[in-house]
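The values are calculated or read from the model by the stated rules, or taken from the named source; none is laboratory data. Just so we're clear, the structure is a prediction, and the values are computed from it rather than from any experiment. Using ideal geometry, Cβ is built from the backbone for each residue, glycine included, and neighbour counts are taken over all protein chains shown.
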């Protein structure tokens, strides 16, 4: 009998309006940020963060627990929004 798949617990983080504005701006300007599982398996708990800026892909050197990965993703979105919004 196959094993039942476990679900990843993402926590209860919800972005603010300012974070949403930063994310929208980044996506419109070809900056996308997403979680990437650090280990294979049923329910990965640790993730790298992958940042794609106009096709140039970088990965965070550290991993983040599933419950904190989206907080960190929105910090990155806010960082790139503040850094680049007047230049692009």
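Which ones in the range 42-60 are closer than 22 Å to residue 10 by Cβ and either surrounded by 19 or more Cβ atoms within 10 Å (Cβ to Cβ) or within 15 Å of the chain's Cα centre (by Cα) (or both)?
Within the range 42-60, 44, 45, 46, 47, 48, 49, 50, 51, 52, 59, 60 meet the criteria.
Could you say which residue among 79, 48, 74 is at pLDDT 95 or above and touching a helix residue (DSSP H, G or I) at 6+ places or on another chain (Cβ under 6 Å)?
It is 74.
Starting from the range 7-26, keep only residues that are on the phi < 0 side of the Ramachandran plot and exposed (fewer than 13 other Cβ atoms within 10 Å of the Cβ), then list their pairs with residues that are in a loop (DSSP other than H, G, I, E, B) and at pLDDT below 95 whose Cβ atoms are within a distance under 9 Å, requiring at least 6 positions of separation or different chains.
7/42; 7/43; 9/43; 9/45
If the Cβ limit is 6 Å and pairs must be 6+ apart or interchain, which residue in the range 68-88 that is touching a residue at least 40 places away in the same chain (Cβ under 8 Å) pairs with which residue that is assigned to a loop (DSSP other than H, G, I, E, B)?
70/13; 71/13; 74/15; 88/29
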